[in-house]
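The values are calculated or read from the model by the stated rules, or taken from the named source; none is laboratory data. As the structure is a computational prediction, the values presented were derived from the model and not from experiment. In this analysis, Cβ positions are derived from the backbone assuming ideal geometry, glycine residues included, and neighbour counts consider all displayed protein chains.
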Amino acid sequence: MASVYEMVTARIIEQLEQGVIPWHKPWTGTAGAWSRSTGRPYSLLNQWLMPAGEYATFNQIKKEGGKVKKGAHGYPLTFFKSTPIKETRENGEEVIKNVPLLRYYTVFNIETQTEGLELKHPRTKEERALEPVEALEAIKDDYLSREGVKFFNELQDRAFYNPAGDYIKLPMMEQFDSEGEYYSTAFHEIAHSTGHHSRLNRIKETANFGSNDYGKEELVAEITAAAILNDAGMETAGTLKNSAAYIQNWTNAIKGDSKLIVHASSKAQKAYDLIMNIQGEK
């Protein structure tokens with residue numbers, strides 16, 4: 001029987017092999033998937049595993065007087081559960097450690113998979129108070145000010161985050177082909193800065209370009225930046241260069257490590273929450 005990690009990985013690979021990059025949405029401003037019981041959106045990982053809409057479990061639907069349509073197959077809603085694991089140290093001493101393991105339960109889409117229920121938390125595409133550029137600038141400025149990260153634009157040919165100096169350098173905006181590419185790059189580097197030892201302590205400063213650790217951190221930054229741009233309503237469909245090569249690269253990486261996408265999405269969720277100043281757990 002496949003593990004939850006393998007099940008999730010298989011679903012992500014299936015999308016990639018169809019030419020779909022789960023963390024890059026071809027649309028903006030939609031509500032995504034959310035919980036009927038709380039009204040809150042699901043985590044980044046769960047957003048990739050199910051279509052947009054309101055969801056509830058079989059028992060929740062039954063309790064409210066509704067029913068699941070005959071033949072409907074629910075969607076896995078993943079979560080981490082702290083599980084006690086016995087370990088033996090080098091000196092022979094046995095210790096119990098609480099390890100977060102991926103679990104899931106099944107939920108159903110209220111609109112398409114149930115009968116007798118109306119949406120409890122209907123979503124519409126809201127009119128934005130800010131245009132995408134204004135929204136992204138506000139998010140960027142708030143995070144940089146709150147966390148004390150230095151940000152520079154210079155006439156140069158590379159973008160990077162320097163963990164030793166805790167600063168970001170980007171080319172000038174006019175050097176980019178589009179606003180989408182500029183902000184995609186900016187928030188990619190901002191995502192890296194969340195891994196500083198004073199924040200989420202994720203970045204290994206010894207990681208070399210092309211190494212396994214480097215690749216994992218790149219995926220975290222990719223996912224984080226894509227989620228923020230989508231939230232702000234910035235078009236990202238045209239920001240990927242060499243999309244086929246990009247997709248093949250991540251398909252190969254994810255196939256080689258069944259836990260990569262789960263761990264990367266979990267770290268990206270924390271990075272996203274820090275940048276967006278979201279408190280509490282999803």
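Pick out the one residue from Ala268, Ala253, Ala186, Ala191 that is crowded, with 17+ Cβ neighbours inside 10 Å, modelled with pLDDT under 95 and not hydroxyl-bearing (Ser, Thr, Tyr).
Exactly one residue qualifies, and that residue is Ala253.
Residues Lys67, Lys140, Lys63, Lys120: which one is modelled with pLDDT of 95 or more, more than 27 Å from the chain's Cα centre (by Cα) and surrounded by 12 or more Cβ atoms within 10 Å (Cβ to Cβ)? If you could, list the steps in order and put the result at the bottom.
Values: Lys140 fails: more than 27 Å from the chain's Cα centre (by Cα); Lys63 fails: surrounded by 12 or more Cβ atoms within 10 Å (Cβ to Cβ); Lys120 fails: more than 27 Å from the chain's Cα centre (by Cα).
It is Lys67.
Pick from the range 164-183 the residues that are assigned to a loop (DSSP other than H, G, I, E, B) and surrounded by 15 or more Cβ atoms within 10 Å (Cβ to Cβ): which of them is modelled with the lowest pLDDT?
Phe176
Regarding the range 26-33, can at least one residue be identified that is part of a loop (DSSP other than H, G, I, E, B), hydrophobic (A, V, I, L, M, F, W, C) and exposed (fewer than 13 other Cβ atoms within 10 Å of the Cβ)?
Scanning the range 26-33 turns up at least one residue that is part of a loop (DSSP other than H, G, I, E, B), hydrophobic (A, V, I, L, M, F, W, C) and exposed (fewer than 13 other Cβ atoms within 10 Å of the Cβ).
Here are the criteria: (1) among the charged types (D, E, K, R); (2) in contact (Cβ under 8 Å) with a residue 40 or more places away in the chain; (3) farther than 26 Å from Thr224 by Cβ. Tell me which single one Glu54 does not satisfy.
(3)
Which is more than 30 Å from Arg11 (Cα to Cα), β-branched (Val, Ile, Thr) and not assigned by TED's automatic domain parsing to the domain that holds Met50, of Ile96, Ile139?
Testing whether each residue is more than 30 Å from Arg11 (Cα to Cα), β-branched (Val, Ile, Thr) and not assigned by TED's automatic domain parsing to the domain that holds Met50 leaves just Ile139.
Given the criteria out of contact with any Phe, Trp or Tyr (no Cβ under 6 Å at 6 or more places or on another chain) and at pLDDT 90 or above, does Gln279 qualify? Break it down into steps so the answer makes sense when it comes.
Working: out of contact with any Phe, Trp or Tyr (no Cβ under 6 Å at 6 or more places or on another chain): yes; at pLDDT 90 or above: no.
In short, no.
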